[in-house]
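The block underneath contains the structure these notes are about, expressed in C-alpha cells.
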Amino acid sequence: LKVRSMLIIPLVSGGRLMGALAVHTPGQRHEFTPKEVALARGIAAHAAVAIDKAGLFQQTQTRLRETETLLTISQAVSSTLETTETMRRVARETARALGADMVGAYLADPGQEALHPIAGYRVPRELYDKFLRFPIPIKGHSAMEEAWRTRQPLWTDEAPRDARVHR
C-alpha cells in the first residue's frame, strides 16, 4: 500500500494513552482540513472511551465470575458435606474458573512426606487409580518442594521441559 498522506490521532481516555487511529490516503496528496482533523479527534475520543468501557466491562465480568466461583466454593466448604465431596466440588469449581482439563486435590500424610489424593474433577480413571496407588512425594519432587517450602503457587507453561516437574 502506497501512502501519500497520513493523519495519526492518539487514542486517549482519562489521560491514558492507549493507542492511535491512523488515516492513510494513497495516490494523491491530501491536506487534511481543520474540520477533518476535528472530526477525526472526536471519533478517536469516542473510540478511546468505548475501548475503556469495554475493558471495564470485561474486568467486571471477570470479577463477577471469580466472585461466583468463590461463593460456590465457600458454600461447598461451609456445608455439612464430607471432606471428599467438599474437595471434589472445590476441584470442579477450580477447573471451571481456570479452564483446566482436570484438577486433583491432595492432602499431606501426618508426617508431611507425601500427598495423597482426596478428590478430583475430570481425572481419567486410569490416572486416578495410579494416583491412589502412588502418593506424590513432597521431598525429591522439585516443584512440590518449592511450593511446599515457599507456601506460594508454582506454575509452568512448559511442564514436559521444566526440570522442576517430576515425570
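The values are calculated or read from the model by the stated rules, or taken from the named source; none is laboratory data. Bear in mind the structure is a predicted one, so any value in this text is a computation, not a measurement. Ideal geometry is used to build each Cβ from the backbone, glycine not excepted, and the neighbour counts take in all protein chains shown. Accessible surface is based on the protein model in full, side chains and every heavy atom, while ligands, DNA and RNA are left aside. Shrake-Rupley method; radii C 1.70, N 1.55, O 1.52, S 1.80 Å.
Points to keep in mind about this one:
- Yes/no for residue 36 being closer than 30 Å to residue 118 by Cα and either aliphatic (A, V, I, L, M) or outside any strand (DSSP E or B) (or both): no
- Residues being in contact with a Leu (Cβ under 6 Å, 6 or more places away or on another chain) and either in a strand (DSSP E or B) or of a type in the set (A, V, I, L, M) (or both) - total across the range 134-150: 3
- Residue selected from the range 79-102 under the condition surrounded by fewer than 16 Cβ atoms within 10 Å (Cβ to Cβ) and aliphatic (A, V, I, L, M), by the criterion modelled with the highest pLDDT: 102
- Answer from 105, 76, 54 - the residue that is open to solvent by less than 90 Å² (accessible area, probe 1.4 Å) and out of contact with any helix residue (DSSP H, G or I) (no Cβ under 6 Å at 6 or more places or on another chain): 54
- Residues in the range 118-128 that are more than 17 Å from residue 100 (Cα to Cα) and surrounded by 12 or more Cβ atoms within 10 Å (Cβ to Cβ): 118 only.
- The one condition in (1) open to solvent by 40 Å² or more (accessible area, probe 1.4 Å); (2) at pLDDT below 85 that residue 39 fails to fulfil: (2)
- Check on residue 158, out of contact with any strand residue (DSSP E or B) (no Cβ under 8 Å at 6 or more places or on another chain), of a type outside the set (Ser, Thr, Tyr), over 22 Å from residue 67 (Cα atoms) and at pLDDT below 85: yes
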